[in-house]
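*Asks:* Okay, here's the structure, questions in a sec.
The values are calculated or read from the model by the stated rules, or taken from the named source; none is laboratory data. None of these values were measured; they are calculated from a predicted model. When we count neighbours, we look across all protein chains shown, and the Cβ atoms used for this are built from the backbone with ideal geometry, even at glycine. What goes into the accessible areas is simple: the full protein's heavy atoms, side chains included, and nothing from ligands, DNA or RNA. Shrake-Rupley method; radii C 1.70, N 1.55, O 1.52, S 1.80 Å.
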Amino acid sequence: MRAVVAVPPIHDFYFTPHRFASLGAQIVTDILTKENFKVCLYNFPVRQSHTLPLPEQMGFLSPFIIPEEEGKCSFFTTYRHFGPIFEQCLCKIMALHPDIVFLSCFAFCYADQSLELARIIKRASPKMPVAIGGAGVSAYPGYFLKDGSIDYVFSGEAEK
């Protein structure tokens, strides 16, 4: 069987590679490989970024954002999309003709981006099984499971 393990793009103010070492996604990749899956891991947030408008629900932050602020503590200057656009992620995933897609959600604040990627996968391939796990999923598994784009939810530690 062929599987894709993907860390979806995220929306946030800043990104650091050590935050997205994606150890959980790597563990899942290793487990699947040991079970004779042919696996490809995509850590999409590390690829590229572009600026996004600040979402309406975060508008209360506007007075505290200093545009173009520089320095060691100036993380919250621009709201960004980290990773390729969702359609590019879909193209990379579907080019491998997987039998299943596993998504990793590092934190619940990235739930919407994880679900967005799951939805476009389902639109492109309605029968494609989509599973999701990670700390963000463990925080509120029902939020993901009630979305029609998710077939399987894994909460807790991947090793188990």
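Residue by residue, here is whether (1) surrounded by fewer than 19 Cβ atoms within 10 Å (Cβ to Cβ); (2) over 20 Å from I132 (Cα atoms); (3) touching an Asp or Glu at 6+ places or on another chain (Cβ under 8 Å) holds:
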residue	(1), (2), (3)
T16	yes, yes, no
T33	yes, no, no
K38	yes, no, no
N43	yes, no, no
Q48	yes, yes, no
L61	yes, yes, no
P67	yes, yes, no
P84	no, no, no
K92	yes, no, no
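*Asks:* T78: among the β-branched types (V, I, T), farther than 17 Å from G136 by Cα and in contact (Cβ under 8 Å) with a residue 60 or more places away in the chain, yes or no?
*Replies:* On the way: among the β-branched types (V, I, T): yes; farther than 17 Å from G136 by Cα: yes; in contact (Cβ under 8 Å) with a residue 60 or more places away in the chain: yes.
In short, yes.
*Asks:* Now, a different point. For residues that are outside any loop (DSSP other than H, G, I, E, B) and in contact with a Phe, Trp or Tyr (Cβ under 8 Å, 6 or more places away or on another chain), scanning just segment 73-97, find the one that is nearest to S125 (Cα to Cα).
*Replies:* Top of the filtered list is I93.
*Asks:* Got a sec? Which of A107, A139 is within 15 Å of A6 (Cα to Cα), of a type outside the set (D, E, K, R), open to solvent by less than 90 Å² (accessible area, probe 1.4 Å) and modelled with pLDDT under 95?
*Replies:* A107
*Asks:* Here's something else I'd like to know. Does segment 32-70 hold any residues that are in contact with a strand residue (DSSP E or B) (Cβ under 9 Å, 6 or more places away or on another chain), modelled with pLDDT under 85 and among the β-branched types (V, I, T), and which are they?
*Replies:* Residue satisfying the conditions is V46 alone.
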